[in-house]
Amino acid sequence: MKVFMTGGGTGGHVNPAIAIADCIKENQKDSEIVFVGTARGIENKLAAKAGYPIRHVEIQGLRRSLSLSNIKTAYYVLTAPGKAKKLIKEFKPDLVVGTGGYVCWPVLKAAASMGIPTALHESNAVPGVAVKLLESKVDRIFVNFESTKDFLSHPEKVMRVGNPLRSDFLQLSAEQARERLGLSGQYKHFILSCGGSLGAEKVNDMALALMRDYTAKHPEVYHMHACGSIEKELCFAKFKEMGLDKCPNIELVEYIYDMPLRMAAADLVINRAGAMTLSELAVQKKPCILIPSPNVTNNHQFKNAAALEKEGAAIVFEEKDITPEKLLGAVASILGSEEKRRAMAKAIGQFAMTDSKKRIYEELCRLVEKKEK
């Protein structure tokens, strides 16, 4: 099977595409899979690292303010579908799959107009602009949240499959992870916190305050925080200034490279609310405190988090509202009640779908078979 995967702009769009591509390869080793993105997007780095070639179509979003950039956007809107058609004619894919981002629009629009089977995957609770523009054209829309269907005009095309995740998020129990990390029997609780790979000043400040006011006073609690690359120097300076470097139960790192292992071991996770993060938390049934990033399109992280909070699966604080006192109170209430942790774990576990990749792969095969008939 020959497949075009398209999606970009953020890791949240690209990583599901890679997971789907890997699943196709696992089941059909002779498959040819090529990614389509923009020349400047993160998809270039991630697709190459995963071993997939990439082609380019230039497209970008409209600026809300008056900008010369919008003139370029208008040009791309006119020219990008034609360039996408050219790539499609050259590669002759049996299937085109998109996972979000502006680059999906011209590629899937062109493929649909040429009668090629098409599918979209939407990770977020509220569908993005590309999905809204394409829903009438594609054959299938995969979603992570059941509630996403309420925002779409073609619910008959929607299939809830969850998010395709790396298999190592499914392999370890909490006790196995703690033993591997050397934490078993040493600490009563493990708090894991981070604000994304690049970092987030507000989340870092809240984590440091929590370490100072709570964790340092509770030697039975182990707390690891990842501050991200941008905030690294400032955060480490504050960490040392607070004397937290002298606490054996507190650890500050730039980045967590073994996240599946650390998350499996944790009793409580404090994090942003990207769709992939929430899927990882759900599949591992982790009680969580979410601080959605306000710097994303359509405030989708808050909407993702709100869907979990509504079911009792998470405690959510917006950046503008959170204080060290509020965070400490939430942490103390969760770690202080085994009943609350069990209830939150059960609630978030209801959002988990461990067979996401299988569901997606089987449906993609059906789309291709239907076209061949």
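The values are calculated or read from the model by the stated rules, or taken from the named source; none is laboratory data. This one's a predicted model, so the numbers in the text were calculated from it and none came from an experiment. Virtual Cβ from ideal backbone geometry, glycine too; neighbours counted across all protein chains shown. What goes into the accessible areas is simple: the full protein's heavy atoms, side chains included, and nothing from ligands, DNA or RNA. Shrake-Rupley method; radii C 1.70, N 1.55, O 1.52, S 1.80 Å.
Restricting 88, 24, 18 to residues that are part of a helix (DSSP H, G or I), modelled with pLDDT of 95 or more and closer than 24 Å to residue 143 by Cα narrows the list to 24. For segment 164-198, the set of residues classified as more than 22 Å from residue 124 (Cβ to Cβ) and among the small types (Gly, Ala, Ser) consists of 167, 173, 174, 177, 182, 184, 185, 193, listed by residue number.
For the residues 334, 360, 348, the requirement of being open to solvent by less than 30 Å² (accessible area, probe 1.4 Å), within 30 Å of residue 118 (Cβ to Cβ) and in a helix (DSSP H, G or I) singles out 360. In the condition set (1) open to solvent by less than 50 Å² (accessible area, probe 1.4 Å); (2) over 21 Å from the mean Cα position of the chain (by Cα), residue 180 is compliant with all but (1).
Based on this model, can you work out whether residue 283 counts as modelled with pLDDT under 95 and either open to solvent by 20 Å² or more (accessible area, probe 1.4 Å) or over 16 Å from residue 144 (Cβ atoms) (or both)? Considered against the rule, which asks whether it is modelled with pLDDT under 95 and either open to solvent by 20 Å² or more (accessible area, probe 1.4 Å) or over 16 Å from residue 144 (Cβ atoms) (or both), residue 283 comes out as yes.
Per the listing 207, 305, 216, the residue uniquely touching a residue at least 24 places away in the same chain (Cβ under 8 Å), open to solvent by 30 Å² or more (accessible area, probe 1.4 Å), in contact with a strand residue (DSSP E or B) (Cβ under 8 Å, 6 or more places away or on another chain) and part of a helix (DSSP H, G or I) is 216.
Rundown of residues vs (1) out of contact with any strand residue (DSSP E or B) (no Cβ under 7 Å at 6 or more places or on another chain); (2) open to solvent by less than 40 Å² (accessible area, probe 1.4 Å); (3) more than 16 Å from residue 123 (Cα to Cα), yes/no style:
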| site | (1), (2), (3) |
| --- | --- |
| 17 | no, yes, no |
| 20 | no, yes, no |
| 28 | yes, no, yes |
| 35 | no, yes, yes |
| 39 | no, no, yes |
| 55 | no, no, yes |
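Condition (residue is of a type outside the set (D, E, K, R), at pLDDT 90 or above and under 19 Å from residue 266 (Cα atoms)) applied to segment 226-239: is it met by at least one residue? Outline the logic, then answer.
Taking segment 226-239 as the starting set, the residues that turn out to be of a type outside the set (D, E, K, R) are 226-230, 234-237, 239.
Among the residues that remain, those that are also at pLDDT 90 or above are: 226-227, 234-237, 239.
Checking which are under 19 Å from residue 266 (Cα atoms) leaves us with 226-227.
Scanning segment 226-239, I find at least one residue that is of a type outside the set (D, E, K, R), at pLDDT 90 or above and under 19 Å from residue 266 (Cα atoms), so the answer is yes.
Might you let me know whether segment 252-273 holds any residue that is crowded, with 23+ Cβ neighbours inside 10 Å, touching a residue at least 24 places away in the same chain (Cβ under 8 Å) and within 25 Å of residue 132 (Cβ to Cβ)? Within segment 252-273, one or more residues are crowded, with 23+ Cβ neighbours inside 10 Å, touching a residue at least 24 places away in the same chain (Cβ under 8 Å) and within 25 Å of residue 132 (Cβ to Cβ). Considering each residue of segment 96-107 in turn, at least one proves to be open to solvent by less than 10 Å² (accessible area, probe 1.4 Å), modelled with pLDDT under 90 and not aromatic (Phe, Trp, Tyr). Determine, yes or no, whether residue 133 is more than 21 Å from the chain's Cα centre (by Cα), closer than 24 Å to residue 276 by Cβ and without any contact (Cβ under 8 Å) to a residue 60 or more places away in the chain. For residue 133, the condition - more than 21 Å from the chain's Cα centre (by Cα), closer than 24 Å to residue 276 by Cβ and without any contact (Cβ under 8 Å) to a residue 60 or more places away in the chain - is met. Figure legend. Inter-residue proximity from segment 329-349: first residues at pLDDT 95 or above, second residues of a type in the set (Asp, Glu), beta-carbon distance below 7 Å, spacing 6+ or different chains. Indicated pairs: 335/267; 341/267; 347/311.
Hey, among 290, 261, 244, which residue is touching a helix residue (DSSP H, G or I) at 6+ places or on another chain (Cβ under 6 Å) and modelled with pLDDT under 95?
Working: 290 fails: modelled with pLDDT under 95; 244 fails: modelled with pLDDT under 95.
Result: 261 is the single residue among 290, 261, 244 that is touching a helix residue (DSSP H, G or I) at 6+ places or on another chain (Cβ under 6 Å) and modelled with pLDDT under 95.
Within segment 283-312, the residues that satisfy the criterion of being closer than 20 Å to residue 225 by Cα and not charged (D, E, K, R) are 284, 287, 288, 289, 290, 291, 292, 293. Segment 107-191 holds strands (runs of 3 or more DSSP E) entirely within its bounds, and those carrying 1 or more residues that are of a type in the set (Asp, Glu) and out of contact with any Pro (no Cβ under 9 Å at 6 or more places or on another chain) map to 118-122.
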